[in-house]
Amino acid sequence: MKMKKPVVFAAVITSVLSVTACKEEPQASAGISPQQYTDSLFAVMNADRANYTKLIVQRLGPKGAGAIKPDEHWKDIENGALLPAQMFRAGSEAVSKITDKFTYSLQSTWPINKQNAPKTALEKEGLKFISDNPGKNFYGEEKLGDVTYYTAVYPDVAVSPACTSCHNDHKDSPKDDFKIGDVMGGVVIRVPL
């Protein structure tokens, strides 16, 4: 019995030759747009934030599970864990030590922590827009100092009862009627142009 050579073999050889040709003659690339760049960054941030909230904080519950307890004052208690907003800020601060190609922050028009309130006119406009238009993002440009930035604002949505109960029950929360799926604030990503 005679075996037929698989067609896959020819496809693999063709692919290898194509890759080799690309390595020898690199094509010029125009890069990606600022919107595509910020959309991609947000996709990663949003997935990480939602997963931390759902898979860690929600599972631990408000009293904690075992020895670990999510708490606003996590540094002051034994075996405390950061809340999702604190984890997000820690990530942002760590990234700022690595690169100046972008910055990001979690902001809200109803911040529990006042440092998370919008500071620029464009941030305020973006947070209002995403609150008034659920499911939509906001994009704009602003000049801060001598630098022009592409600024994108994405909705930060309540993904778990851990989000809504924490915000609704917090003594410093200016809003106490959040429900799952509500826009609670926004992720602001800023890229120098």
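The values are calculated or read from the model by the stated rules, or taken from the named source; none is laboratory data. Model, not experiment: these values are computed from the prediction. Here the Cβ positions follow ideal geometry from the backbone for every residue, glycine too, while neighbour counts run over all protein chains shown.
Points worth noting:
- Out of Asp182, Asp132, Asp146, Asp177, sole residue that is touching a helix residue (DSSP H, G or I) at 6+ places or on another chain (Cβ under 9 Å) and exposed (fewer than 15 other Cβ atoms within 10 Å of the Cβ): Asp177
- Scan region 118-160 for residues that are touching a Ser or Thr at 6+ places or on another chain (Cβ under 9 Å) and either polar (S, T, N, Q) or at pLDDT below 95 (or both) and the total you get is 8.
- Filter result (under 14 Å from the mean Cα position of the chain (by Cα) and buried (at least 16 other Cβ atoms within 10 Å of the Cβ)) within region 72-90: Pro84, Ala85, Gln86, Met87, Phe88, Arg89
- Note on region 90-122: residues that are under 19 Å from Pro174 (Cβ atoms), free of Cβ contacts under 8 Å to residues at least 24 places away in the same chain and in a helix (DSSP H, G or I) amount to 2.
- Once region 22-79 is narrowed to residues that are of a type in the set (Val, Ile, Thr) and touching a helix residue (DSSP H, G or I) at 6+ places or on another chain (Cβ under 9 Å), the residue that is modelled with the highest pLDDT is Ile32.
- Filter result for Leu106 (crowded, with 21+ Cβ neighbours inside 10 Å and in contact with a Cys (Cβ under 8 Å, 6 or more places away or on another chain)): no
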